[in-house]
Amino acid sequence: MSVYDDYEMTIGIECHVQLATKTKLFSPADNDARDAEPNTKTHQIDFGLPGMLPVLNKHAVELAVRAGKALNSPIAHVSRFDRKHYFYPDLPKGYQTSQMYNPIILAGYVDAPLEDGSLKRVRIDHAHMEEDAGKLTHHDGYSLVDLNRAGTPLIEIVSEPDMHSAEEAKAYVSELHKLMVYAGVTYGNLYHGNMRFDVNISVAKKGATELGKRAEIKNLNSFRSVERAAEYEFKRQVDILERGEEVVQETRGWNDDKQITISQRSKEDAQDYRYMPDPDIPPVVLTDEVIAGIQSKVPMLPGEYREKWSALNLDKSVINSLLSNQDYAQITLEVQEKSGEASAKRVAHWFASALTASDNDTNDDSTQTMLYAARGS
């Protein structure tokens, strides 16, 4: 029996989701900064120039409302923006526009499938809209700033600390990614930072009534890194406690090459940011009719696909393969409804066996040929 068996980890995750808008949250600058030259996707508002007033992106609000449906969360009829103050050179105006006190998305939940076939329900505390910061590149003796991402529209989804293993954390972020992509909220490209995960981990003796001090691992951009960072951080904190020392509340980074977490800075509390209502942005007021109209356009979500495919008796690996690409899932269901279960099962296995994980993002001729053939089966 290992000493680690005496301890339990508790995990809460904050996920930043880049909204699939054409322009930024408060400026008309292009929201697609992929491979762009530094500081070319910017506007006077993003530079924080005097006299520049923000204009809220209506489409970003609509995408947040869509996200609420995917999170089983009610939408606030009135939400407001606040200023979160800190000195970072990647936000020239000196504060981040966020929603501290009146977020647009209220409490909900995500049911994440585990390897054993069970579901792990992770409660959502809330999700709020905010703008992203720019990017700093550090060199020997100086740093450079790229403001292409400054002002990019985000929703930050804050979970309750309901996860108690690295497997549960990985399952949650994987299902959250599917939900946001299927709902049309984000493009979901992890390589380009469309979704980033901040993993808060604390450790305590099993049966303890209080949680331990937490460390936050910032900006993880893959499901595997979430799992491995949680595994490493659990053991690191247990080792500290076993030596009779105290875990420090701090922000840590993940070194993927070394598979370790690294201390970055002490963890701030909310009062350190001096939140205040933003006087330049009016409240967002949404009626039940507006909310229902926006959410009626949300297509079928992963859980609904799984329910409809239950009659096909598909292996879990086949289902996961289909759900990794929304086109494949839609075609398989289309075949099921038009041609019956036998044809749908054949198409499902066809996709699962012919496509690898890397193929899921391709759009080459062979993939298109297979999609047309499946629709005609």
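The values are calculated or read from the model by the stated rules, or taken from the named source; none is laboratory data. These numbers come from a predicted model, not from an experiment. Ideal geometry is used to build each Cβ from the backbone, glycine not excepted, and the neighbour counts take in all protein chains shown.
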Take segment 179-231 and flag every residue that is under 12 Å from the mean Cα position of the chain (by Cα) and polar (S, T, N, Q).
T186, N189, N194, N219, N221, S222
Is there a residue being over 30 Å from H192 (Cα atoms), buried (at least 17 other Cβ atoms within 10 Å of the Cβ) and modelled with pLDDT under 95 anywhere in segment 265-287?
no
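Could you please give the count of residues in segment 85-102 that are closer than 15 Å to L154 by Cβ and either in a loop (DSSP other than H, G, I, E, B) or out of contact with any His (no Cβ under 7 Å at 6 or more places or on another chain) (or both)?
Count: 6.
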Which numbered condition V181 misses (of (1) in a strand (DSSP E or B); (2) modelled with pLDDT of 95 or more):
(1)
Residues in segment 328-339: is at least one assigned to a loop (DSSP other than H, G, I, E, B), under 26 Å from F223 (Cβ atoms) and at pLDDT 85 or above?
no
So which residues in segment 274-324 are touching a Leu at 6+ places or on another chain (Cβ under 8 Å), in contact (Cβ under 8 Å) with a residue 40 or more places away in the chain and among the hydrophobic types (A, V, I, L, M, F, W, C)?
I281, V284, M300, L301
Please enumerate the residues belonging to segment 9-35 that are touching a strand residue (DSSP E or B) at 6+ places or on another chain (Cβ under 6 Å) and not in a strand (DSSP E or B).
L19, T21, L25, N31
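Suppose the filter is farther than 24 Å from P161 by Cα and either surrounded by 15 or more Cβ atoms within 10 Å (Cβ to Cβ) or outside the structural domain of K178 (by TED's automatic domain parsing) (or both); does L322 pass it?
yes
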Matching residues in segment 184-207 - criterion: being among the aliphatic types (A, V, I, L, M) and part of a strand (DSSP E or B)
M195, V199, I201, V203, A204
Condition (residue is farther than 23 Å from S321 by Cβ and basic (K, R)) applied to segment 142-161: is it met by at least one residue?
yes
Within segment 41-69, the residues that are among the aliphatic types (A, V, I, L, M) and assigned to a helix (DSSP H, G or I) are A60, V61, L63, A64, V65, A67
Looking at E246, E210, can you tell me which residue is assigned to a loop (DSSP other than H, G, I, E, B) and without any contact (Cβ under 8 Å) to a residue 24 or more places away in the chain?
E210
So in segment 40-53, with the set limited to residues that are under 25 Å from the mean Cα position of the chain (by Cα) and over 18 Å from N194 (Cβ atoms), which one is surrounded by the most Cβ atoms within 10 Å (Cβ to Cβ)?
D46
Please list, ordered by first then second residue, the pairs with beta carbon atoms under 6 Å, 6 or more apart or interchain, first in segment 222-234 and in contact (Cβ under 8 Å) with a residue 12 or more places away in the chain, second in a helix (DSSP H, G or I) and hydrophobic (A, V, I, L, M, F, W, C).
F223/V173; V226/A169; V226/V173; E227/A166; A230/A166; A230/A169; E231/A166
Has segment 106-127 got at least one residue that is assigned to a strand (DSSP E or B) and under 22 Å from I45 (Cα atoms)?
no
Quick check on segment 298-315. Is at least one of its residues modelled with pLDDT of 90 or more, among the hydrophobic types (A, V, I, L, M, F, W, C), more than 26 Å from L190 (Cβ to Cβ) and surrounded by 17 or more Cβ atoms within 10 Å (Cβ to Cβ)?
no
In this structure, is L241 in contact (Cβ under 8 Å) with a residue 60 or more places away in the chain and touching a Cys at 6+ places or on another chain (Cβ under 7 Å)?
no
